[in-house]
Amino acid sequence: MPRTESNDEPNPGQAAPLDAVVLSGTHQNPKRLIDGRNKAFLDIEGRPLVRHVVDALGASTLIKRTYVVGPQAELEQALSGCGQTVCVPQEGKMLDNAWAAIRAVEASYADAGTDAADRRPILLVSCDLPLVSAAGIDDFVARAAALEPAQGDPNAMVVGVCDENGLTPFHGSTEHPGIQRPMVQLAEGRMRLANIYVVRPRLLAHSEFLQTSFSYRKAQDWRNVMKLVISLFRQQGGWTAAWMIGRLQLAAMLAAGDGGVYRRVRAGNTMDRVEAAVSAVLGGPVKVAVTPFGGLSLDVDDEDDYRVLSRRYAEWMDITRATATGPARTR
């Protein structure tokens, strides 16, 4: 599919090329650095992590320009020779950096008018995904487009999640190290959040809550769960979301036994309910797209992840290349 510079919004269900934002800011918490460095510049197979992501975006048929936000001088050096790439100076926390890049995207369409800019989707992805691929990106953009409503307002955000089938090949064994993280117990299956989104940020009335949820995203830490729930009580629509988090946590606690109570709780944890709860909190329509590309969930979270991904990169990229893309699902 050739790239296009068209400013037109695609028809619902039809995937069209869009711009991408890569979050590569230096974390303000030194404990979140790896070997004292911004994860974006850690090397795997001779390329910094951010270069893996930008190269995949550059090879995608559904990405036009890529905007990378972070320490500008280092990014320009790491991304030298990458066409259709704009480096945006970081401004602070994750959400501040995201808005800096979003404003840069919007500035490139200044002549299109405010309404057109508000409705134009942007792909948002993190910088520390060495197993990202052009096929995985194109597949997710197509799935996000398939979830667009035929009538009414477009989605404000489509959140990527990986299902159990896509994650299992990376779990490892006693002989070979792997990465295995807790999954959310949904009626539709066991899922884990991916690090890829399609967003129309101007359509989210409460986008500032994204920073709060990101700060407390480590759900296996009960302290973070409680902090998130408390913050939800102060947020419009937060009671419904807090109730949903309670159900998800209960299902996770009961999952090992696989008993009747677990099955009943999990059966009520539908994707539709999750979407409704998140939509209420963020103030705009949010949908979930399930991707078969498990590598989109395998970010470099800590030094152990970095060592495992470095060691198994070649064979795990073979798994990524062999991942079959199916038809984009609508609900």
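Brief remarks on what is shown
- A single member of T291, T330, T270, T320 is at pLDDT 95 or above, more than 30 Å from L42 (Cα to Cα) and of a type in the set (S, T, N, Q), and it is T270.
- For region 264-301, a residue qualifies if it is touching a residue at least 40 places away in the same chain (Cβ under 8 Å), in a helix (DSSP H, G or I), closer than 28 Å to T320 by Cα and in contact with a Lys or Arg (Cβ under 8 Å, 6 or more places away or on another chain), and the qualifying residues are M271, S297.
- Test for V68: is it in contact with a helix residue (DSSP H, G or I) (Cβ under 7 Å, 6 or more places away or on another chain), closer than 24 Å to C162 by Cβ and without any contact (Cβ under 8 Å) to a residue 60 or more places away in the chain: yes
- Meets criteria (more than 25 Å from G178 (Cβ to Cβ), part of a helix (DSSP H, G or I) and in contact with a strand residue (DSSP E or B) (Cβ under 8 Å, 6 or more places away or on another chain)) for V261: no
- Against the test of being at pLDDT below 60 and closer than 28 Å to V125 by Cβ, the options S215, S231 yield a single qualifying residue, S215.
- Within region 80-94, tally of residues that are of a type in the set (V, I, T) and in contact (Cβ under 8 Å) with a residue 60 or more places away in the chain: 0
- The numbered conditions (1) under 23 Å from R120 (Cα atoms); (2) in contact (Cβ under 8 Å) with a residue 12 or more places away in the chain; (3) part of a helix (DSSP H, G or I); (4) not acidic (D, E) are all true for R103 except (2).
- Of note, T240 does not satisfy the criterion of being modelled with pLDDT of 90 or more and among the β-branched types (V, I, T).
- Note on region 49-94: residues that are in a helix (DSSP H, G or I), of a type outside the set (D, E) and surrounded by 15 or more Cβ atoms within 10 Å (Cβ to Cβ) total 12.
Residue by residue, here is whether (1) buried (at least 19 other Cβ atoms within 10 Å of the Cβ); (2) in contact with a helix residue (DSSP H, G or I) (Cβ under 8 Å, 6 or more places away or on another chain); (3) free of Cβ contacts under 8 Å to residues at least 60 places away in the same chain; (4) more than 23 Å from P17 (Cβ to Cβ) holds:
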site	(1), (2), (3), (4)
G36	no, yes, yes, yes
D96	no, no, yes, yes
S108	no, no, no, no
S133	yes, yes, no, no
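The values are calculated or read from the model by the stated rules, or taken from the named source; none is laboratory data. All values derive from a computational prediction rather than experimental measurement. Positions of Cβ are generated from backbone atoms using ideal geometry, with glycine treated the same way; all protein chains shown enter the neighbour counts.
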